[in-house]
Amino acid sequence: MGWFFGCKLHVVMNAEGEMVNTILSNGHVADIKMVEQLVIGLHTKLYADRGYLSQDLKSRLKEQHIDLITYHRKNMQSIELSQTDEYHLKQRNKIETLFSLLKGQYHLVTSKARSIAGYLAGIYASLCAYQLSHKNKPSIQIMTSVD
């Protein structure tokens, strides 16, 4: 893929579009390695993309009372999802909307910092501005179980 320098912002978002937890990691750290730190203290269903597929991770999260729901890869055995889980899994694009808002409306720009302190201050200023805002949050209508 080429070279990558910097960091990644990992976010857990609730149905109201609020950030529940965030973590910054080095750019070379795999997303899957950050999940357990992101969900400390949560007891919920976690909807994620195929990048988080791992039976080992799923079983470790199950011990913490967290259900990891992902689609399966084409070369894997099909996993039967409830209608509710299927619906919520399709709502994952809301997290991309959150990142678009952070970049566009809340000026999350990481390329103009002159120091590490300025870099981190810019990131956390954008996160705080988003959390304090009461408009334009990408919410998800909760679907109750029909199974």
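Can you tell me which of E16, E96 is within 27 Å of S133 (Cβ to Cβ), in contact with a Ser or Thr (Cβ under 6 Å, 6 or more places away or on another chain), loosely packed, with under 14 Cβ neighbours inside 10 Å and not hydroxyl-bearing (S, T, Y)?
E16
Any idea which of (1) more than 17 Å from M19 (Cα to Cα); (2) part of a helix (DSSP H, G or I); (3) in contact (Cβ under 8 Å) with a residue 60 or more places away in the chain is the one M143 doesn't satisfy?
(2)
Determine whether Y106 is among the hydroxyl-bearing types (S, T, Y), surrounded by 13 or more Cβ atoms within 10 Å (Cβ to Cβ), farther than 30 Å from S54 by Cα and touching a Ser or Thr at 6+ places or on another chain (Cβ under 9 Å).
Answer is yes for this residue.
Can you tell me how many residues within region 129-147 are modelled with pLDDT of 85 or more and surrounded by 12 or more Cβ atoms within 10 Å (Cβ to Cβ)?
Here the count works out to 4.
With the requirement that a residue be of a type in the set (V, I, T), within 20 Å of K8 (Cβ to Cβ) and in contact (Cβ under 8 Å) with a residue 40 or more places away in the chain, what does region 101-140 give you?
Listed by number, the residues that qualify are T110, I123.
What number goes with the only condition from (1) at negative phi; (2) not in a helix (DSSP H, G or I); (3) not aromatic (F, W, Y) that G41 does not pass?
Single failed check for G41: (1).
Residues in region 33-49: is at least one over 17 Å from the mean Cα position of the chain (by Cα) and over 26 Å from L101 (Cβ atoms)?
no
Among the residues of region 49-71, is any part of a loop (DSSP other than H, G, I, E, B) and acidic (D, E)?
For region 49-71, residues part of a loop (DSSP other than H, G, I, E, B) and acidic (D, E): present.
Say whether the condition of being surrounded by 14 or more Cβ atoms within 10 Å (Cβ to Cβ), of a type in the set (D, E, K, R) and either closer than 28 Å to H134 by Cα or at pLDDT 90 or above (or both) is met by at least one residue in region 72-91.
yes
The values are calculated or read from the model by the stated rules, or taken from the named source; none is laboratory data. If you're wondering where the values come from, they're calculated on a predicted model, not measured in any experiment. As a convention, Cβ positions derive from the backbone with ideal geometry for all residues, glycine included, and neighbour counts pool all protein chains shown.
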